[in-house]
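Down below is the structure, laid out as structure tokens.
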Amino acid sequence: MQVFRTIVDGATALLDRAAASWLARTREGRDVPAHEIAILRRLALISSAALIAVPVALSAVASPAVALPVGVTLVAAGFLFSAVGSIALSRLRPVERQDVHRPAPDGAYLDACAGLILFLDPLGAVTGLAGRERQAFLSWMRNPAGRGFFDQLHVSDRLHFMQALDHLRQGEEAISVDLRIDRPTVVPASDQFIHVQLDLTAVRGADGALVSVFGQMRDISLEQSLKAEAARKATEAESANDAKTRFLAAVSHELRTPLNAILGFSDILTGEYFGKLENDRQREYVRLIRQSGAHLLSVVNTMLDMSKIEAGRYELMVEPFMIGESIRTCEEMLALQAREKGLTLTSRVQRGIGEIVADQRAIQQILINLVGNAIKFTDEGGVVTVDAASNGFDLVLTVSDTGIGIAENKLATLGQPFVQVQNDYTRRYEGTGLGLSLVKGLVALHGGCFAISSRPGEGTVITITVPMDGSGASSADDAADWARTVEFPPRLKGASGAIEVQHEDDVHEQATAKSA
């Protein structure tokens, strides 16, 4: 039995190889499917049995000499016809026999697409619908099938839709348009029109003419509401900023008038022009009134300058002047304050700088604010230094101190209006927090850059860089620049991030050099 099975398996394998060799000639080098070899195998087994049965049957009506060749011929012819016919039929229906992963019909794919799928003719009439959200759209809109999609649109959006179709007819392949579709029944607390985005794709014929349009529509009501909310908040913020600027300007102007009177009359009392004061206490009180009024006037002037910068109304009076003289003037003005605190105030000006072109009053104000801050935040025995040097076509002003320093996480907040390093209720240092804001604004108007580096407990270095020829200064005669609103605090030109934090070792070396 085992020997018989081995003989059958060998014969079957030989038959399969022969069938594969024969079928390979008809498939032009492609692989032979297994089901075609199986067809030939079955036909060969049937024909083997017929080679015996047919001649025996024919020998009953004819002599064996005739029955044997005729029977073999009939069996061979039947095998060939059956093989050719069966193979041909199997190749005419390949999907049913061998492709078990056949693709789904087109409608199933379209129903899986997001949004509402629209099929339109070249005139915009809807000829078919599909899409995963078809039922959701049809629940609130009129069924557009068989009628013009045009009728459901907001009146002002109909032109956009027709223009989009016209672009497709003129040769564009795809276009996207935002539309508003009318809601027939208005639900309470809902809008009458729904915002949608319609992506249109042209379907063309062999001659390139527009045959139909494939559209995919998505509901973008949420995105539109978010955009509207963002625009509303931006308008409110701009309005509030304008109101704040007008308020600062009005308050500054109103305060300066009585302050000038206070300062003027206190000067008269101090000079004792209309009679001697009775005692030293009265003179001390008058002196305190004069100092307090001068301080308040300085704050008011700073607020007024800041509001001018913010509104784009700060006029720079650009002129040539000696930077060394401005530094000496600043040093003379603040020398007494430095001596009273036990500080050393020095300045170093590079030889050959000479004149620069800028607003002398603004540069003087920058120096006074920076040196005043350095003196304020430096304890007794410290050093405050002002350096001036040229770097190509730029003037580099450096104000360094050996004071309390600034923590790295506080550097980013410096330069914002009314912000100080120590702004708690028990702070040791008075001030409004407007000095650096004004400095940054004035430097930006000159087309310069501002950088600060510091190390807590060891000191601070502030570097100002402005063009020496005044090329970066905003011109008051330029109408465009005059109407331009300057962002406050401004984004400085040429400085990435406007604030630099240097390595602690570098700051330590600079502070040590200033002390020496």
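The values are calculated or read from the model by the stated rules, or taken from the named source; none is laboratory data. Treat the numbers as computed from the prediction; the structure is a model and nothing was measured. Virtual Cβ from ideal backbone geometry, glycine too; neighbours counted across all protein chains shown. Keep in mind that these areas ignore ligands, DNA and RNA; they rest on the heavy atoms of the full protein, side chains included. Shrake-Rupley method; radii C 1.70, N 1.55, O 1.52, S 1.80 Å.
Would you mention how many residues in region 302-333 are assigned to a helix (DSSP H, G or I), of a type in the set (A, V, I, L, M, F, W, C) and surrounded by 16 or more Cβ atoms within 10 Å (Cβ to Cβ)?
Within region 302-333, the first condition is being assigned to a helix (DSSP H, G or I), and the residues that meet it are 302-311, 323-333.
In the following step, the residues that additionally are of a type in the set (A, V, I, L, M, F, W, C) were identified as 303-304, 306, 309, 311, 323, 327, 330, 333.
In the following step, the residues that additionally are surrounded by 16 or more Cβ atoms within 10 Å (Cβ to Cβ) were identified as 303-304, 306, 309, 311, 323, 327, 330.
Here the count works out to 8.
Look through region 427-462, keep the residues that are of a type in the set (D, E, K, R) and outside any strand (DSSP E or B), and return whichever of them is modelled with the lowest pLDDT. The residue in question is R427.
Residues in region 172-197 that are modelled with pLDDT of 90 or more and in contact with a Ser or Thr (Cβ under 9 Å, 6 or more places away or on another chain): E173, A174, I175, R180, H195, V196, Q197. Please give the number of the condition P184 fails out of (1) under 31 Å from the mean Cα position of the chain (by Cα); (2) at negative phi. Of everything listed in (1) under 31 Å from the mean Cα position of the chain (by Cα); (2) at negative phi, P184 misses just condition (1).
Assess whether G403 counts as being part of a loop (DSSP other than H, G, I, E, B), modelled with pLDDT of 85 or more, open to solvent by less than 50 Å² (accessible area, probe 1.4 Å) and not aliphatic (A, V, I, L, M). Judged against the criteria, G403 is a match. Test of understanding: among R328, R313, which residue is modelled with pLDDT under 85 and charged (D, E, K, R)? The conditions single out R313. In region 241-288, of all residues being among the small types (G, A, S) and in contact (Cβ under 8 Å) with a residue 24 or more places away in the chain, the one that is most open to solvent (accessible area, probe 1.4 Å) corresponds to A249. Of everything in region 359-390 that is over 20 Å from G457 (Cα atoms) and not in a helix (DSSP H, G or I), the residue that is most open to solvent (accessible area, probe 1.4 Å) is S390.
The set of residues in region 118-144 that are in a loop (DSSP other than H, G, I, E, B) and polar (S, T, N, Q) comprises S139, N143. For region 145-171, enumerate the residues that are at pLDDT 85 or above, open to solvent by 80 Å² or more (accessible area, probe 1.4 Å) and in a loop (DSSP other than H, G, I, E, B). If the condition is that a residue be at pLDDT 85 or above, open to solvent by 80 Å² or more (accessible area, probe 1.4 Å) and in a loop (DSSP other than H, G, I, E, B), then Q170 is the only one that fits.
Among the residues examined, V299 does not qualify as part of a helix (DSSP H, G or I), more than 22 Å from A249 (Cα to Cα) and among the hydrophobic types (A, V, I, L, M, F, W, C).
Do we find that S86 is closer than 25 Å to P33 by Cβ and without any contact (Cβ under 8 Å) to a residue 40 or more places away in the chain in this structure?
Judged against the criteria, S86 is not a match.
Checked against (1) among the basic types (K, R); (2) more than 26 Å from A112 (Cα to Cα); (3) open to solvent by 70 Å² or more (accessible area, probe 1.4 Å), R142 meets all criteria but (2).
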